[in-house]
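> Please find one structure pasted underneath; my questions will follow.
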Amino acid sequence: METFDGRTAWQPSQRYPDPSIVVIDEAFNKYRMPLTKVERLWTGSRWGEGPVWFGDTRSLVWSDIPNNRMLRWDEESGAVTVFRKPSGYANGNSRDRQGRLITCEHGGRRVSRTEPDGRVVTLADSFNGKKLNSPNDIVCKSDGSIWFTDPSFGIMGWYEGHKAEPENPLNVYRWDPSGKLEVVAEGIHQPNGLAFSPDEKILYIVESRSVPRKILALDVTKENTLKNSRTLIDAGPKGTPDGFRVDTDGNLWCGWGMGEAGLDGVHVFNPRGKLIGRIDLPERCANLCFGGLERNRLFMAASTSLYSLYVNTQGLPYF
């Protein structure tokens, strides 16, 4: 496998506490560890997204969409190798409750699953006889169902997929283990990142082309439908949320970016949607996940680089 050199001119803070970890509200002090700092683990992607942790191999896999590849970072050695190329212009990734990799692919306009023997199978690539647009982000619920967003970003040009016209509305879908695919949310202007609350009673969805951009909260019924859509987070005139994950206290750790200081990195919101903290990065952050031996290491796929930070909380498993 090809191995990359992650050396770069960027350097982490020379002092503890790291000034790039910013307390907005005193509540964030609970999660901020004074003897940690942001680390750049590797650089060399064109646009990184979809990090997913593999605890059984102590490794992280993420997507480099324009380069049509997925990369793997090894925690023990720090080496980065090509996990899959071509990747179908893979974007969001997660793992199901059996530990299998599930992936949103722009190129194939599908959701795929990687079996234990390495086979990549299609779970969903069409709805009502028409192609999906470009599945973007994905999570797996405890009942084995898979929920994913389907905006049109991957078919708007030839950089992150293949240019094409949308055939279906920009929906949010639920794939049932029986193979049934159904729409659970519609009318959201370019749905992007999504995640469940710890009790799975709320689904959060980024509406990435509303003005201003928003993170919506929707109640999940016992029948696995969504109701009572409301704005949890108004990102403001410059806020650009992308993907996010939730910790065991229900806080939302959101990839953020607008190409300027103070807006590139991660914004952390409490379950009521109040901004409590910020992790400033030198480039825009798309997606993130929790990993490490105790699920207390935050991994951030930020444009051309992969960053990490130890925090005093744990991410929800399987996200």
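The values are calculated or read from the model by the stated rules, or taken from the named source; none is laboratory data. Remember, predicted model here, so these are calculated numbers, not experimental data. With ideal geometry, Cβ positions are generated from the backbone for all residues, glycine too; neighbour counts draw on all protein chains shown. The accessibility values were calculated without ligands, DNA or RNA, using every heavy atom of the protein model including side chains. Shrake-Rupley method; radii C 1.70, N 1.55, O 1.52, S 1.80 Å.
> How big is the Kirkwood radius of the stretch 156-291, worked out from every pair of different alpha carbons and given in Å to one decimal?
Here the Kirkwood hydrodynamic radius works out to 15.8 Å.
> Keeping every protein chain present and rolling a 1.4 Å probe, give me the accessible area per residue for the stretch 187-271 in Å². Before the final figure, lay out the partial values.
Values: 3150 Å² over 85 residues.
Result: 37 Å² of accessible area for each residue.
> Around W53, what is the net charge, scoring Lys/Arg as +1 and Asp/Glu as -1 over all other residues with Cβ under 11 Å from its Cβ?
Numbers: positive: R58, R95, R245, R295, R297; negative: D56, E75.
Charge balance near W53 sits at +3.
> Going by a ≥ b ≥ c, the root eigenvalues of the Cα gyration tensor, does the stretch 196-235 fall in the rounded group (a/c under 1.5), the prolate group (a/b larger than b/c) or the oblate group?
prolate
> Count the net charge of all other residues whose Cβ sits under 12 Å from the Cβ of M33, scoring Lys and Arg as +1 and Asp and Glu as -1. Intermediate values should be presented prior to the final figure.
Working: positive: K30, R32, K37, R297; negative: D18.
Around M33, the charge tally is +3.
> Mind checking which of V184, V266, V111 has the largest fluctuation in a GNM of the chain, springs on alpha carbons under 10 Å?
Among V184, V266, V111, the largest GNM mean-square fluctuation belongs to V184.
> Find, among the trypsin sites (Lys or Arg not before Pro) in the stretch 122-184, those assigned to loop by DSSP (not H, G, I, E, B) with at most 16 other beta-carbon atoms within 10 angstrom.
Of the trypsin sites (Lys or Arg not before Pro), the ones in loops of the stretch 122-184 whose Cβ has at most 16 other Cβ atoms within 10 Å are K163, K180.
> Quick one: what are the phi-derived ³J(HN,Hα) couplings along the stretch 33-48, Karplus 6.51/-1.76/1.60 with θ = phi - 60°, whole Hz, x for glycine and proline?
9, x, 10, 10, 8, 5, 10, 8, 7, 5, 9, x, 8, 8, 7, x
> Can you give the FRET efficiency to the nearest 0.05 for N312 and H189, using r as the Cβ-Cβ distance and R₀ = 30 Å?
On the way: r = 36 Å, r/R0 = 1.19.
After rounding to 0.05, the efficiency reads 0.25.
> May I ask you to derive the FRET efficiency for S229 and D125 from their Cβ-Cβ distance with R0 = 22 Å, giving the value to the nearest 0.05?
0.25
> Can you count the Lys pairs in the stretch 162-265 whose Cα atoms are under 18 Å apart, with each pair 8 or more apart or on different chains?
For the stretch 162-265, qualifying lysine pairs total 5.
> Decide, for the stretch 126-168, between rounded, prolate and oblate: order the square roots of the alpha carbon gyration tensor eigenvalues as a ≥ b ≥ c, take rounded if a/c falls under 1.5, and otherwise choose prolate if a/b is larger than b/c, else oblate.
Working: a/c = 3.98, a/b = 1.75, b/c = 2.28.
The shape class here is oblate.
> Let me ask you something else. Could you please state how large a percent of the accessible area of the chain is carbon and sulfur, counting protein chains only and using a 1.4 Å probe?
About 49 percent, which is the carbon plus sulfur part of the accessible surface.
> Applying 1/(1 + (r/R0)^6) with R0 = 45 Å to the Cβ-Cβ distance of T248 and W158, what FRET efficiency is obtained, to the nearest 0.05?
Between T248 and W158 the formula returns 0.65.
> Counting Lys and Arg as +1 and Asp and Glu as -1, what is the net charge of the other residues whose Cβ lies under 13 Å from the Cβ of G118?
Charge balance in the 13 Å sphere: +2.
> Oh, and also: Sort out for me the Cα centre separation of the stretch 198-231 from the stretch 108-137, rounded to whole Å.
Cα centroid to Cα centroid, the span is 23 Å.
> So, for the stretch 125-166, what is the accessible surface per residue at a probe of 1.4 Å, expressed in square angstrom?
For the stretch 125-166, the per-residue accessible area is 42 Å².
> With unit charges on the beta carbons (Lys and Arg positive, Asp and Glu negative) and the dipole taken about the Cα centre of the stretch 271-319, which residue among G315, N296, G273 sits farthest to the positive side?
Selected residue: G273.
> Residue by residue through the stretch 213-227, which ³J(HN,Hα) values in whole Hz follow from phi under the Karplus form 6.51 cos²θ - 1.76 cosθ + 1.60 (θ = phi - 60°), with glycine and proline marked x?
5, 9, 10, 8, 10, 10, 6, 9, 7, 5, 8, 6, 9, 10, 8
> Okay, moving on. Taking the radius of gyration and the Kirkwood hydrodynamic radius from Cα positions alone, what is the Rg/Rh ratio for the chain, to two decimal places?
0.94
> Nothing charged except the Cβ atoms of Lys and Arg (+1) and of Asp and Glu (-1): what's the magnitude of the dipole of the chain about its Cα centre? Round to the nearest 20 debye. Numbers along the way, then the final one.
Working: 40 positive and 40 negative charges, 29 e Å.
That gives the chain a dipole magnitude of about 140 debye.
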